[in-house]
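Undergrad: Handing you a structure now.
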Amino acid sequence: MHPLAEKVLARDTRATARACRLVDDRAGDHAAILKDLFPHTGRAWILGVTGNPGAGKSTLTDRLIGAFRKQDRRVAVVAVDPTSPFTGGAILGDRIRMQAHFGDPDVFIRSLATRGALGGLSRSAMDVARVLDAWGADVILVETVGVGQDELEITRMAHTTLVVAAPGMGDEVQAIKAGILECADVFAVNKADRDGADAAVRDLELMIALGGEVAKASGRGRGHSAAALHARAAGAADPLGGPFEGPWTPAIVRTVATRNEGVAALLDGLEAHRAWLFGTEAGASRREERLREAMHVQLRDALTDAAVVALGPALEAAVRAVASRQIDPYTASERLVDAFRAGAAPPGAVVQGDVALPGDRA
């Protein structure tokens with residue numbers, strides 16, 4: 001076993017930080033570390049926290065850390081911040097609101113930059129979470145960047161997705177069309193002491209009710225792949241009760257994170273979803289689908305990296321040829337794929353058509 005992996009399993013905080021850094025940078029023998037740690041993962045509950053900018057995700061995450069620590073659970077946090085498209089830098093400021101836990105040896109907070117990745121997460125977020133799972137975390141809170149209507153990558157990573165909303169996010173039409181709301185297992189209407197909180201709750205209730213009617217009529221789920229299993233699978237749960245048969249209905253909880261109000265009720269809603277997820281056939285189906293999608297993403301990334309390395313000059317030649325209109329991007333892509341399957345090709349082969357397309361073969 002890799003020496004750094006052994007130290008992570010021994011709960012060495014500094015070694016875990018080094019492992020997270022290597023994994024995030026994809027440097028050194030990070031793959032060997034992940035391979036050695038994987039058999040020791042799968043115990044942590046991964047809880048995604050997402051929502052619009054300014055909704056209070058970081059403050060609410062801080063309150064959830066405190067609630068989980070009162071239950072004597074080891075907590076890890078993966079906080080993702082946006083990377084500047086101009087300078088390439090990131091402030092990594094989410095953890096500023098979590099300073100109360102910096103001295104707790106059973107809390108590990110790791111900030112990541114998106115590094116250009118879309119969907120509210122960084123490319124390495126899942127791998128870093130696995131390192132923290134092996135470190136011994138009982139709960140891993142993954143806070144996404146402030147996202148818009150359709151950045152739903154967190155649903156492929158998290159067991160439970162918490163969407164944090166706030167008064168003033170828009171009218172009922174905005175609530176219905178906002179794809180991010182469809183990924184929620186639990187809603188937190190934060191800053192509920194402000195005007196408009198009742199309207200925000202009402203709009204969310206309308207969206208959930210409308211989504212349920214659409215699901216019944218079409219026989220399909222609420223949109224995103226994780227929610228689709230809510231309708232396809234057999235078992236479900238009461239948002240604030242226990243497992244029962246029927247579709248999962250997201251809970252809506254009012255919170256005021258700055259005053260720690262509503263956090264206990266929010267934790268009840270999250271725990272109810274966890275009970276459904278790990279205690280019903282429907283939950284097992286959803287977890288299987290989540291792993292399948294994660295494997296698809298892993299395979300896609302691995303194939304992309306391998307193709308870029310293998311094709312090298314041929315890829316650059318294709319880019320130049322498309323820019324000069326010598327070839328269309330669709331044909332160039334097909335020939336690049338075929339060249340990769342055949343073991344790459346010289347730079348001019350793809351553009352000149354020396355590499356046969358799959359359909360050209362006898």
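The values are calculated or read from the model by the stated rules, or taken from the named source; none is laboratory data. Keep in mind it's a predicted model, so treat the numbers as computed, not measured. Reconstructed Cβ throughout: ideal geometry from the backbone, glycine too, with neighbour counts over all protein chains shown. Calculation scope for accessible area: heavy atoms of the full protein, side chains included, ligands and nucleic acids excluded. Shrake-Rupley method; radii C 1.70, N 1.55, O 1.52, S 1.80 Å.
Undergrad: From the residues in the stretch 40-55 that are open to solvent by 20 Å² or more (accessible area, probe 1.4 Å) and touching a helix residue (DSSP H, G or I) at 6+ places or on another chain (Cβ under 9 Å), which one is farthest from VAL128 (Cα to Cα)?
TA: First pass over the stretch 40-55, keeping only residues open to solvent by 20 Å² or more (accessible area, probe 1.4 Å): 40-43, 52-54.
Filter again for touching a helix residue (DSSP H, G or I) at 6+ places or on another chain (Cβ under 9 Å), leaving 40-43, 52.
Numbers: HIS40: 14, THR41: 12, GLY42: 13, ARG43: 15, ASN52: 23 Å.
Filtering first and then ranking leaves ASN52.
Undergrad: Continuing with the same structure: Filter the stretch 250-274 down to the residues that are in contact with a strand residue (DSSP E or B) (Cβ under 7 Å, 6 or more places away or on another chain), of a type outside the set (Lys, Arg), over 22 Å from MET126 (Cα atoms) and surrounded by 16 or more Cβ atoms within 10 Å (Cβ to Cβ) and list them by number.
TA: Residues of the stretch 250-274 that are in contact with a strand residue (DSSP E or B) (Cβ under 7 Å, 6 or more places away or on another chain), as a first pass: 250-255, 262, 265-266, 269-270, 272-274.
The next check asks that each one be of a type outside the set (Lys, Arg); those that pass are 250-253, 255, 262, 265-266, 269-270, 272-273.
Right, trim to over 22 Å from MET126 (Cα atoms) and you get 250-253, 255, 262, 265-266, 269, 272.
Answer for the stretch 250-274, where residues must be in contact with a strand residue (DSSP E or B) (Cβ under 7 Å, 6 or more places away or on another chain), of a type outside the set (Lys, Arg), over 22 Å from MET126 (Cα atoms) and surrounded by 16 or more Cβ atoms within 10 Å (Cβ to Cβ): PRO250, ALA251, ILE252, VAL253, THR255, GLY262, LEU266, GLY269, ALA272.
Undergrad: Counting just the residues of the stretch 115-144 that are at pLDDT 80 or above and in a loop (DSSP other than H, G, I, E, B), which one comes out most open to solvent (accessible area, probe 1.4 Å)? Steps first, answer last, please.
TA: Within the stretch 115-144, the first condition is being at pLDDT 80 or above, and the residues that meet it are 124-144.
Still in the list and also in a loop (DSSP other than H, G, I, E, B): 124, 136-138, 144.
On the way: SER124: 4, GLY136: 4, ALA137: 0, ASP138: 42, THR144: 2 Å².
Going through the qualifying residues, I end up with ASP138.
Undergrad: Another one. Within the stretch 291-334, which residues are charged (D, E, K, R), in a helix (DSSP H, G or I) and more than 30 Å from ARG130 (Cα to Cα)? Talk me through it step by step, then tell me what you get.
TA: First, the residues of the stretch 291-334 that are charged (D, E, K, R): 292-293, 300-301, 305, 316, 320, 325, 328, 334.
Narrowing further to those that are in a helix (DSSP H, G or I): 292-293, 300-301, 305, 316, 320, 334.
Once the filter is applied, which keeps residues that are charged (D, E, K, R), in a helix (DSSP H, G or I) and more than 30 Å from ARG130 (Cα to Cα), the stretch 291-334 yields GLU316, ARG320, GLU334.
Undergrad: Let me ask another. Give the residue that is surrounded by the fewest Cβ atoms within 10 Å (Cβ to Cβ), with candidates limited to residues of the stretch 56-77 that are under 21 Å from VAL256 (Cα atoms) and within 17 Å of the chain's Cα centre (by Cα).
TA: SER58
Undergrad: Spot the failing condition for VAL351; the list is (1) at pLDDT 85 or above; (2) more than 35 Å from the chain's Cα centre (by Cα), and only one is missed.
TA: Among (1) at pLDDT 85 or above; (2) more than 35 Å from the chain's Cα centre (by Cα), VAL351 violates only (1).
Undergrad: Sticking with this structure for a sec: Surrounded by 15 or more Cβ atoms within 10 Å (Cβ to Cβ) and modelled with pLDDT of 85 or more: which single residue out of ALA282, ALA302, ALA317, ALA306 fits that description?
TA: Working: ALA282 fails: modelled with pLDDT of 85 or more; ALA302 fails: surrounded by 15 or more Cβ atoms within 10 Å (Cβ to Cβ); ALA306 fails: surrounded by 15 or more Cβ atoms within 10 Å (Cβ to Cβ).
None of the others qualify; the one that does is ALA317.
Undergrad: One residue is enough: does the stretch 186-200 have a residue meeting the conditions open to solvent by 60 Å² or more (accessible area, probe 1.4 Å), at pLDDT 65 or above and assigned to a helix (DSSP H, G or I)? Give the steps one after another, and end with the answer.
TA: As a first pass, look at the stretch 186-200 and keep what is open to solvent by 60 Å² or more (accessible area, probe 1.4 Å): 193-195, 198.
Retained after the next criterion (residues that are at pLDDT 65 or above): 193-195, 198.
Now drop any that are not assigned to a helix (DSSP H, G or I), which leaves 198.
Among the residues of the stretch 186-200, at least one is open to solvent by 60 Å² or more (accessible area, probe 1.4 Å), at pLDDT 65 or above and assigned to a helix (DSSP H, G or I), which makes the answer yes.
Undergrad: Which numbered condition trips up GLU6, out of (1) open to solvent by 60 Å² or more (accessible area, probe 1.4 Å); (2) closer than 30 Å to VAL186 by Cβ; (3) in a helix (DSSP H, G or I)?
TA: With (1) open to solvent by 60 Å² or more (accessible area, probe 1.4 Å); (2) closer than 30 Å to VAL186 by Cβ; (3) in a helix (DSSP H, G or I) applied to GLU6, the lone miss is (2).
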